[in-house]
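Colleague: Before we start, here is the structure in question, set down as structure tokens.
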Amino acid sequence: MANPHPHVYFGDRIVDAAQATLGVATSATLYGLSVYTVFPVHVDGTRRSAFRLADHYRRLVESCKIIGMDRFAGEWDFGRFVSAATELVAANDPAGDVFVRASVHVDESIPGTRVRGCHTTVSMFVYDAVPIVPQDGMRLKTSQWRRIPDSAIPSRAKVNGAYVNSVLAKQDAIDAGYDDAIFLDGNGHVCELSAANIFLVRGGTLITPDASCDILDGINRRTLLTLAAEDGIPVVERTVDLTELYIADEVFVTGTSAGVAPVLEVDGRVVGTGRPGPLSEALRKRHASALRSDTLHGWVTAL
């Protein structure tokens with residue numbers, strides 16, 4: 001389990017975690033009407049840096065826009081977002097790498113099932129950077145639960161309430177003795193895991209479901225697509241059938257909290273050689289380096 005750190009940014013200041021509370025009658029509590037993002041912070045002595053912070057801020061803005069939370073973008077520009085993150089990390093003074101979860105909550109009490117014009121509160125908290133999936137090889141199970149379609153709750157928005165879908169899928173997989181679940185869409189095509197994007201390799205080509213397949217268009221997903229293209233690896237984004245995973249040379253997953261993690265088994269079928277594959281291992285190393293690079297694409301922001 002990850003260890004949450006004691007100081008939280010809530011509203012417009014740093015408070016103790018026990019003071020960062022939302023009322024039981026707020027829309028955030030009643031309907032899960034919050035959106036969020038999680039970004040990694042690398043700590044090297046007194047140096048602290050966040051990976052693709054501008055993209056994480058943009059995802060919050062876009063999630064708010066999709067859901068109709070219309071106050072955040074006007075009240076929080078990127079500079080304010082960076083300042084809050086910097087203040088929060090400094091207040092907790094972590095000794096090692098951490099994740100920061102930033103959320104925008106609709107905190108008006110019983111406004112009914114509406115969102116436009118409702119007041120919002122921003123929260124951020126820090127916790128230890130413990131991966132949410134095994135890093136040495138995962139066993140996956142196709143979920144009996146289907147991925148919520150974009151026409152129901154938009155996959156491009158990281159909406160807290162929508163993650164009940166992920167909880168159902170992952171708990172079912174854990175109960176069956178697996179590490180995580182593979183979501184399929186309404187047509188039986190591969191989407192993603194409960195909280196990570198999925199890739200497969202066949203014949204040296206990197207393949208992943210495209211952004212119209214009811215997936216979260218993850219920031220680390222896009223990072224890997226960029227790194228692979230730079231390394232001359234053929235990349236294809238398209239619809240993926242479940243049985244393609246069964247016969248893939250390699251399968252791996254990625255996400256802020258998942259890292260780049262190899263998959264060794266899908267539905268009881270061994271993937272490839274049953275060991276992490278060379279392409280996924282190469283991309284894992286490239287990704288780890290990118291998280292700390294001051295020069296690569298301007299992805300790193302000093303805090």
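The values are calculated or read from the model by the stated rules, or taken from the named source; none is laboratory data. All values reported here derive from a predicted model rather than from experimental measurement. All Cβ positions, glycine included, derive from the backbone under ideal geometry; neighbour counts span all protein chains shown. SASA here: full protein model, heavy atoms, side chains in, ligands and nucleic acids out. Shrake-Rupley method; radii C 1.70, N 1.55, O 1.52, S 1.80 Å.
Colleague: Among (1) farther than 30 Å from Thr226 by Cβ; (2) among the β-branched types (Val, Ile, Thr); (3) open to solvent by less than 20 Å² (accessible area, probe 1.4 Å); (4) not in a strand (DSSP E or B), there is one condition Val133 misses while meeting the rest; what is its number?
Modeller: Condition not satisfied by Val133: (1).
Colleague: Follow-up question, since we're still on this one. If you scan region 25-50, which residues turn out to be without any contact (Cβ under 8 Å) to a residue 24 or more places away in the chain and either in a strand (DSSP E or B) or closer than 17 Å to Val122 by Cα (or both)? Outline the logic, then answer.
Modeller: Applying the first criterion (without any contact (Cβ under 8 Å) to a residue 24 or more places away in the chain) to region 25-50 yields 29, 45-46.
Listed by number, the list holds a single entry, Thr29.
Colleague: Name the pairs whose Cβ atoms lie under 8 Å apart, with the first residue in region 207-220 and touching a residue at least 24 places away in the same chain (Cβ under 8 Å), the second surrounded by fewer than 21 Cβ atoms within 10 Å (Cβ to Cβ) and of a type in the set (Lys, Arg), and 6 or more positions between them or separate chains?
Modeller: Filtered contacts from region 207-220: Ile207/Arg238; Pro209/Arg238; Asp210/Arg238; Ala211/Arg156; Leu216/Arg156; Asp217/Arg156.
Colleague: Right, next: Taking only region 158-189 into account, find how many residues are of a type outside the set (Asp, Glu) and touching an Asp or Glu at 6+ places or on another chain (Cβ under 7 Å).
Modeller: 5
Colleague: Against the conditions (1) part of a loop (DSSP other than H, G, I, E, B); (2) touching a residue at least 60 places away in the same chain (Cβ under 8 Å), where does Tyr127 fall short? Just the number, please.
Modeller: The number of the failed condition is (1).
Colleague: Another question, then. Restricting to region 1-40, give me the number of residues that are of a type in the set (Ser, Thr, Tyr), open to solvent by 40 Å² or more (accessible area, probe 1.4 Å) and touching a helix residue (DSSP H, G or I) at 6+ places or on another chain (Cβ under 8 Å).
Modeller: Qualifying residue count for the region: 1.
Colleague: Of all helices (runs of 4 or more DSSP H) completely enclosed by region 51-118, which ones contain at least 1 residues that are among the aromatic types (Phe, Trp, Tyr) and exposed (fewer than 15 other Cβ atoms within 10 Å of the Cβ)? Step through it out loud before you land on a result.
Modeller: Details: elements: 53-67, 72-75, 78-92.
Filter on region 51-118 gives 78-92.
Colleague: Cβ contacts < 7 Å: first residue of a type in the set (S, T, N, Q), restricted to region 229-251; second residue open to solvent by less than 60 Å² (accessible area, probe 1.4 Å) and not in a loop (DSSP other than H, G, I, E, B), any location; separation 6+ or different chain. Result?
Modeller: Note: pairs meeting the criteria are Thr239/His189.
Colleague: Oh, and also: Please name all residue pairs, on different chains or six or more residues apart, with Cβ atoms under 7 Å, provided the first residue is in region 271-291 and is open to solvent by 40 Å² or more (accessible area, probe 1.4 Å) and the second residue is at pLDDT 95 or above and assigned to a helix (DSSP H, G or I).
Modeller: Sorted first by the residue in region 271-291, then by its partner, the pairs are Arg286/Leu227.
Colleague: Where residues in region 150-185 are assigned to a loop (DSSP other than H, G, I, E, B) and hydrophobic (A, V, I, L, M, F, W, C), which of them is least open to solvent (accessible area, probe 1.4 Å)? Write out each step before concluding.
Modeller: Taking region 150-185 first, the residues assigned to a loop (DSSP other than H, G, I, E, B) are 150-158, 176-179, 185.
Subset that is hydrophobic (A, V, I, L, M, F, W, C): 152-153, 157, 176.
Working: Ala152: 65, Ile153: 61, Ala157: 7, Ala176: 55 Å².
Going through the qualifying residues, I end up with Ala157.
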